[in-house]
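S.K.: Here it is, the structure, as structure tokens.
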Amino acid sequence: MKIHTPRNVRPALFFVFGVMGAYVVISPPLQASEVQVGRYSALRAMPTVAQADLLSTIITVRFPEHIQTLGEAVHYLLQRSGYRLAEHHAANSATADLLALPLPAVHRNLGPILLKQALETLVGPMFRLVQDPVHRLISFELCTPMRRVTHEPDSSLKTEDPQDGE
């Protein structure tokens, strides 16, 4: 049995089958960790950075008016992150005092910024973010112990007596 096709269709069929054959030959094989998501594209089957490290999520936030303290702002940021703030009794007094401070007006709008950086921005440079990934807890600790400012001269400094040099 012979199939008759118009003469102008034959070149088109040769072209289509030629391209498909080249696609099969040219397209590289998929790796075990890749998933084909379209005719010409494949993606790696792996979590995103934000899925692997929850504090690496990029956020943009505008705190509502009812958020008045730094502690409330930290709780608000952590609501959907999977993390929670460690209990106040576990925190030291400096951290408890910090979280009771009013939220600065300049911090009412943050982002786009990483969640970790947003938390660090809220508490400032004197506090370090402490993360417990096992229990998904967040806390803050003072970077350096605060020293009392004194106006007394330091006794370790020597003063030269002009008479000793003679």
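S.K.: Which of rounded, prolate, oblate describes the stretch 49-142, given a ≥ b ≥ c as roots of the alpha-carbon gyration tensor eigenvalues and a/c under 1.5 marking rounded, otherwise prolate only if a/b is larger than b/c?
M.R.: Cα axes put the stretch 49-142 in the oblate bin.
S.K.: What are the ³J(HN,Hα) couplings of the stretch 131-138, residue after residue, when phi is run through the Karplus curve with 6.51, -1.76, 1.60 and θ = phi - 60°? Round to Hz, x for glycine and proline.
M.R.: Taking θ as phi minus 60°, the curve returns 10, 10, x, 5, 9, 6, 10, 10 Hz for the stretch 131-138.
S.K.: Still on this structure, I have one more. Pull up all non-local amide H partners of Ala42: gap of 5 or more, or a different chain, and H-to-H distance under 5 Å with H placed in the peptide plane.
M.R.: Amide H to amide H, under 5 Å and 5 or more residues apart or across chains, Ala42 pairs with Val37.
S.K.: Name the residues whose placed amide hydrogens come within less than 5 Å of the amide hydrogen of Leu114, ignoring near sequence neighbours (fewer than 5 apart) on the same chain.
M.R.: For Leu114, whose amide H was placed from the backbone, the distant partners under 5 Å are Ile59.
S.K.: Okay, moving on. In terms of modelled amide H atoms, which long-range or inter-chain residues lie less than 5 Å from the amide H of Val130?
M.R.: Placed amide hydrogens put Ser139, Phe140, Glu141 under 5 Å from Val130.
Every number here is computed from the coordinates shown, using simple stated rules; none is lab data. Since we're looking at a predicted model, the values are computed, not measured.
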